[in-house]
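Before any comments, here is the structure.
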Amino acid sequence: MTETDIEKLTEEALKAREKAYAPYSRFLVGAAVLTESGMIFTGCNVENAAFGCSLCAERNAVGSAVTAGQRCFLALAVAGGKDQYATPCGMCRQVLAEFHIPQVLCVKQKGDYKILKTEDLLPCAFSGSQIRNGVIYE
Ligand code: ZN
């Protein structure tokens with residue numbers, strides 16, 4: 001991933017944050033995921049009065065990419081609070097693991113981000129491929 005990729009990915013996450021629908025938490029989140037083919041898909045958090053129906057920005061972005069037929073990713077950027085680095089929730093970490101998205105860029109503002117490895121965010125992630133005939137493989 002080049003510096004240009006990083007700049008574009010983080011900027012798209014920041015733009016997506018502006019579209020967030022978060023009337024309950026007022027915590028706006030945007031995400032952007034970069035595919036191996038160089039495409040970027042974005043998502044924002046979409047809350048609901050029935051909280052369980054809410055959707056995180058990260059899963060929204062990955063869902064958009066998958067809907068477009070993309071399943072191979074290089075990185076995902078997430079832009080949450082402007083004063084803190086937001087990290088993906090547990091459910092989103094599982095989705096990152098499912099699609100083997102190797103790194104997450106946590107963005108505060110333009111040019112202000114940190115890179116985390118997905119394997120550090122969710123060590124020993126569950127994978128259906130680890131289970132065959134009821135036996136768990138390493
Ligand atoms: Zn989440």
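Listed values, structure above:
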quantity	calculated
Filtered residue count, region 38-59, keeping only those that are part of a loop (DSSP other than H, G, I, E, B), more than 16 Å from the ligand (Cβ to nearest atom) and surrounded by 10 or more Cβ atoms within 10 Å (Cβ to Cβ)	1
Residue check, residue 81 within 10 Å of the ligand (Cβ to nearest atom), more than 10 Å from the chain's Cα centre (by Cα) and surrounded by fewer than 21 Cβ atoms within 10 Å (Cβ to Cβ)	no
Region 65-91 residues that are part of a loop (DSSP other than H, G, I, E, B), paired with ones that are more than 11 Å from the ligand (Cβ to nearest atom) and open to solvent by less than 10 Å² (accessible area, probe 1.4 Å) (beta carbon under 7 Å, 6 or more apart)	70/35; 72/35; 85/106; 86/106; 87/106; 88/104
Residues that are in contact (Cβ under 8 Å) with a residue 40 or more places away in the chain and either open to solvent by 90 Å² or more (accessible area, probe 1.4 Å) or of a type in the set (D, E, K, R) (or both), drawn from region 8-25	11, 12, 17
Single residue of region 62-78 satisfying the filter (buried (at least 19 other Cβ atoms within 10 Å of the Cβ), among the small types (Gly, Ala, Ser) and within 16 Å of the ligand (Cβ to nearest atom)) that is farthest from residue 8 (Cα to Cα)	65
Test: residue in region 96-108 that is within 16 Å of the ligand (Cβ to nearest atom), open to solvent by 50 Å² or more (accessible area, probe 1.4 Å) and either outside any helix (DSSP H, G or I) or closer than 21 Å to residue 15 by Cβ (or both)	yes
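The values are calculated or read from the model by the stated rules, or taken from the named source; none is laboratory data. Computed from a predicted structure; not experimentally measured. In this analysis, Cβ positions are derived from the backbone assuming ideal geometry, glycine residues included, and neighbour counts consider all displayed protein chains. Just so you know, the surface numbers come from the protein's heavy atoms only, side chains and all, with ligands and any DNA or RNA stripped out. Shrake-Rupley method; radii C 1.70, N 1.55, O 1.52, S 1.80 Å.
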